Amino acid sequence: MRLTRSVRRIVLTLSGGLVFGAAYLGLEHVTGNVHTVIAGELYRSGTLSPAALQALVDERGIRTIINLRGRHPDHAWWRGEEQIAERNGIELIDLGWSASKPLSDKQVTAFYAAIDAAPKPVLIHCMSGSDRSGLASALYLAHRLKSDEETAEGQLSIVYGHIGLPFFPAEAMDDTFERLEPSLGYYGS
(Lines give C-alpha, C1' and ligand atoms only; values in the text may rest on other atoms or scores of the structure.)
Protein backbone atom coordinates (compact mmCIF):
# COMPACT_ATOMS: atom_id res chain seq x y z
CA MET A 1 0.00 0.00 0.00
CA ARG A 2 1.36 3.36 -0.99
CA LEU A 3 0.68 6.39 1.22
CA THR A 4 -0.23 9.72 -0.26
CA ARG A 5 2.04 12.68 0.32
CA SER A 6 -0.38 14.27 2.84
CA VAL A 7 -0.76 11.00 4.80
CA ARG A 8 3.03 10.60 4.92
CA ARG A 9 3.35 14.19 6.16
CA ILE A 10 0.80 13.53 8.92
CA VAL A 11 2.53 10.28 9.93
CA LEU A 12 5.92 12.01 10.04
CA THR A 13 4.55 14.93 12.07
CA LEU A 14 2.88 12.62 14.59
CA SER A 15 5.99 10.44 14.81
CA GLY A 16 8.18 13.48 15.38
CA GLY A 17 5.82 14.71 18.08
CA LEU A 18 5.92 11.35 19.83
CA VAL A 19 9.71 11.21 19.69
CA PHE A 20 10.00 14.78 20.98
CA GLY A 21 7.48 14.07 23.74
CA ALA A 22 9.27 10.91 24.83
CA ALA A 23 12.62 12.72 24.81
CA TYR A 24 11.19 15.59 26.88
CA LEU A 25 9.67 13.25 29.47
CA GLY A 26 12.89 11.21 29.61
CA LEU A 27 14.93 14.36 30.21
CA GLU A 28 12.53 15.48 32.96
CA HIS A 29 12.91 12.11 34.66
CA VAL A 30 16.71 12.12 34.44
CA THR A 31 16.98 15.70 35.77
CA GLY A 32 14.61 15.08 38.70
CA ASN A 33 11.55 16.81 37.22
CA VAL A 34 12.21 19.88 39.42
CA HIS A 35 9.73 22.72 38.97
CA THR A 36 8.74 25.93 40.71
CA VAL A 37 5.09 26.04 41.71
CA ILE A 38 5.27 29.35 43.64
CA ALA A 39 8.73 30.95 43.73
CA GLY A 40 10.12 31.12 47.24
CA GLU A 41 7.23 29.08 48.59
CA LEU A 42 6.63 25.74 46.87
CA TYR A 43 8.69 23.48 44.62
CA ARG A 44 8.00 19.99 43.28
CA SER A 45 10.21 17.18 42.05
CA GLY A 46 10.86 13.50 41.79
CA THR A 47 13.15 11.78 44.27
CA LEU A 48 16.53 13.46 43.94
CA SER A 49 20.03 12.14 44.49
CA PRO A 50 21.62 13.46 47.69
CA ALA A 51 23.83 15.83 45.67
CA ALA A 52 20.90 17.18 43.65
CA LEU A 53 18.76 17.55 46.79
CA GLN A 54 21.52 19.42 48.63
CA ALA A 55 22.01 21.71 45.63
CA LEU A 56 18.27 22.46 45.55
CA VAL A 57 18.24 23.10 49.31
CA ASP A 58 21.17 25.51 48.94
CA GLU A 59 19.75 27.24 45.86
CA ARG A 60 16.12 27.61 47.00
CA GLY A 61 16.49 27.68 50.78
CA ILE A 62 14.18 24.70 51.32
CA ARG A 63 12.95 24.51 54.94
CA THR A 64 10.47 21.62 54.63
CA ILE A 65 10.49 18.46 52.53
CA ILE A 66 7.21 16.62 52.09
CA ASN A 67 7.99 13.12 50.88
CA LEU A 68 4.86 11.57 49.35
CA ARG A 69 6.49 8.12 49.07
CA GLY A 70 6.30 7.52 52.81
CA ARG A 71 8.97 6.66 55.36
CA HIS A 72 11.46 4.07 54.01
CA PRO A 73 14.45 3.78 56.39
CA ASP A 74 15.54 0.61 54.58
CA HIS A 75 16.16 2.54 51.32
CA ALA A 76 19.30 4.56 50.59
CA TRP A 77 17.34 7.41 48.96
CA TRP A 78 15.29 7.96 52.13
CA ARG A 79 18.30 7.74 54.47
CA GLY A 80 20.13 10.28 52.31
CA GLU A 81 17.14 12.58 52.38
CA GLU A 82 16.85 12.24 56.16
CA GLN A 83 20.57 13.07 56.59
CA ILE A 84 20.28 16.17 54.42
CA ALA A 85 17.19 17.28 56.35
CA GLU A 86 18.96 16.80 59.71
CA ARG A 87 22.18 18.48 58.55
CA ASN A 88 20.30 21.53 57.22
CA GLY A 89 17.63 21.88 59.92
CA ILE A 90 14.88 20.96 57.46
CA GLU A 91 11.58 19.51 58.58
CA LEU A 92 11.01 16.15 56.84
CA ILE A 93 7.39 15.04 56.57
CA ASP A 94 6.67 11.55 55.25
CA LEU A 95 3.20 10.94 53.82
CA GLY A 96 2.56 7.54 52.25
CA TRP A 97 0.45 8.20 49.15
CA SER A 98 -0.03 5.76 46.30
CA ALA A 99 -0.14 7.15 42.77
CA SER A 100 -2.60 4.43 41.76
CA LYS A 101 -5.13 4.81 44.60
CA PRO A 102 -7.38 7.79 45.33
CA LEU A 103 -6.55 9.62 48.54
CA SER A 104 -8.82 9.15 51.53
CA ASP A 105 -10.29 12.14 53.34
CA LYS A 106 -7.91 11.34 56.21
CA GLN A 107 -4.89 11.57 53.88
CA VAL A 108 -6.11 14.88 52.44
CA THR A 109 -6.69 16.32 55.92
CA ALA A 110 -3.19 15.21 57.00
CA PHE A 111 -1.70 16.90 53.92
CA TYR A 112 -3.57 20.16 54.58
CA ALA A 113 -2.39 20.15 58.22
CA ALA A 114 1.21 19.49 57.15
CA ILE A 115 1.29 22.11 54.41
CA ASP A 116 -0.43 24.75 56.54
CA ALA A 117 2.14 24.34 59.34
CA ALA A 118 5.23 23.77 57.18
CA PRO A 119 8.00 26.38 57.21
CA LYS A 120 8.44 27.76 53.69
CA PRO A 121 9.86 27.17 51.16
CA VAL A 122 8.59 23.62 50.79
CA LEU A 123 9.74 20.88 48.44
CA ILE A 124 7.08 18.28 47.65
CA HIS A 125 8.32 15.11 45.98
CA CYS A 126 7.28 11.62 44.99
CA MET A 127 9.17 9.08 42.91
CA SER A 128 9.02 10.75 39.49
CA GLY A 129 7.51 14.15 40.34
CA SER A 130 4.59 13.55 38.00
CA ASP A 131 1.51 12.19 39.73
CA ARG A 132 1.50 12.47 43.53
CA SER A 133 3.56 15.67 43.38
CA GLY A 134 1.11 16.99 40.80
CA LEU A 135 -1.89 16.31 43.02
CA ALA A 136 -0.15 17.79 46.08
CA SER A 137 0.77 20.92 44.11
CA ALA A 138 -2.77 21.24 42.77
CA LEU A 139 -4.21 20.87 46.27
CA TYR A 140 -1.75 23.44 47.61
CA LEU A 141 -2.75 25.98 44.98
CA ALA A 142 -6.46 25.36 45.53
CA HIS A 143 -6.46 25.01 49.33
CA ARG A 144 -3.80 27.53 50.41
CA LEU A 145 -3.89 30.12 47.63
CA LYS A 146 -7.48 29.72 46.42
CA SER A 147 -6.20 29.58 42.83
CA ASP A 148 -8.67 29.16 40.02
CA GLU A 149 -9.47 25.60 39.00
CA GLU A 150 -7.57 25.70 35.72
CA THR A 151 -4.36 26.88 37.40
CA ALA A 152 -4.57 24.29 40.16
CA GLU A 153 -5.51 21.43 37.87
CA GLY A 154 -2.68 22.40 35.53
CA GLN A 155 -0.28 20.78 38.01
CA LEU A 156 -1.72 17.42 36.88
CA SER A 157 -0.37 17.80 33.37
CA ILE A 158 1.72 16.02 30.75
CA VAL A 159 4.12 18.98 31.12
CA TYR A 160 5.24 17.34 34.37
CA GLY A 161 4.93 13.77 33.03
CA HIS A 162 1.44 13.09 34.39
CA ILE A 163 -0.80 11.01 32.15
CA GLY A 164 -4.30 11.07 33.60
CA LEU A 165 -6.07 8.99 31.01
CA PRO A 166 -8.76 6.46 31.90
CA PHE A 167 -7.31 3.06 32.72
CA PHE A 168 -3.85 4.52 33.51
CA PRO A 169 -2.96 3.92 37.17
CA ALA A 170 -2.27 7.60 37.87
CA GLU A 171 -5.86 8.47 36.96
CA ALA A 172 -6.44 8.04 40.71
CA MET A 173 -4.80 11.44 41.24
CA ASP A 174 -7.23 13.09 38.84
CA ASP A 175 -10.14 11.24 40.47
CA THR A 176 -9.09 12.53 43.88
CA PHE A 177 -8.92 16.12 42.66
CA GLU A 178 -12.30 15.82 40.94
CA ARG A 179 -13.85 14.42 44.13
CA LEU A 180 -12.44 17.30 46.17
CA GLU A 181 -13.41 20.08 43.76
CA PRO A 182 -16.62 21.10 45.60
CA SER A 183 -14.71 21.36 48.92
CA LEU A 184 -12.18 23.60 47.13
CA GLY A 185 -14.88 25.91 45.78
CA TYR A 186 -14.96 24.53 42.26
CA TYR A 187 -18.50 23.79 41.19
CA GLY A 188 -20.01 22.58 37.93
CA SER A 189 -16.90 21.29 36.22
Summed residue charge, Cβ within 13 Å of residue 96's Cβ, Lys/Arg positive, Asp/Glu negative: +4
Lys, Arg +1 and Asp, Glu -1 on Cβ, resulting dipole of segment 108-151 about Cα centre, debye, nearest 20: 220 debye
Estimated D of segment 53-100 in µm² per second, where Rh is the Kirkwood radius over Cα pairs and Stokes-Einstein applies at 20 °C, 1.002 mPa s: 192 µm²/s
Solvent-accessible area per residue, Å², over segment 38-189 with all protein chains present [probe radius 1.4 Å]: 46 Å²
Per residue, the convex hull volume that the Cα atoms of segment 59-180 enclose (Å³): 112 Å³
Coarse-grained scattering of segment 76-123 at q = 0.13, 0.16, 0.18, 0.27 Å⁻¹, given as base-10 log I(q)/I(0) from a Debye sum over alpha-carbon atoms: -0.38, -0.57, -0.70, -1.05
Spin-label model distance (nm) - residue 75 vs residue 59, 7 Å beyond Cα toward Cβ: 2.3 nm
Net charge over other residues, Cβ less than 15 angstrom from the Cβ of residue 173 (K, R count +1; D, E count -1): -2
Percent accessible area from carbon and sulfur atoms, segment 53-93, protein chains only, probe 1.4 Å: 42 percent
Local electrostatic count at residue 87 - Lys and Arg +1, Asp and Glu -1, tallied over other residues with Cβ under 12 Å: -4
Where labels lie 7 Å past Cα in the beta-carbon direction, separation of residue 183 and residue 105 in nm: 0.7 nm
Two-site label geometry, residue 165 and residue 38: point separation in nm, points 7 Å out along Cα→Cβ: 3.4 nm
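The values are calculated or read from the model by the stated rules, or taken from the named source; none is laboratory data. This one's a predicted model, so the numbers in the text were calculated from it and none came from an experiment. Note: ideal-geometry Cβ built from the backbone for every residue, glycine included; neighbour counts use all protein chains shown. Surface accessibility is based on the protein's heavy atoms, side chains included, excluding ligands, DNA and RNA. Shrake-Rupley method; radii C 1.70, N 1.55, O 1.52, S 1.80 Å.
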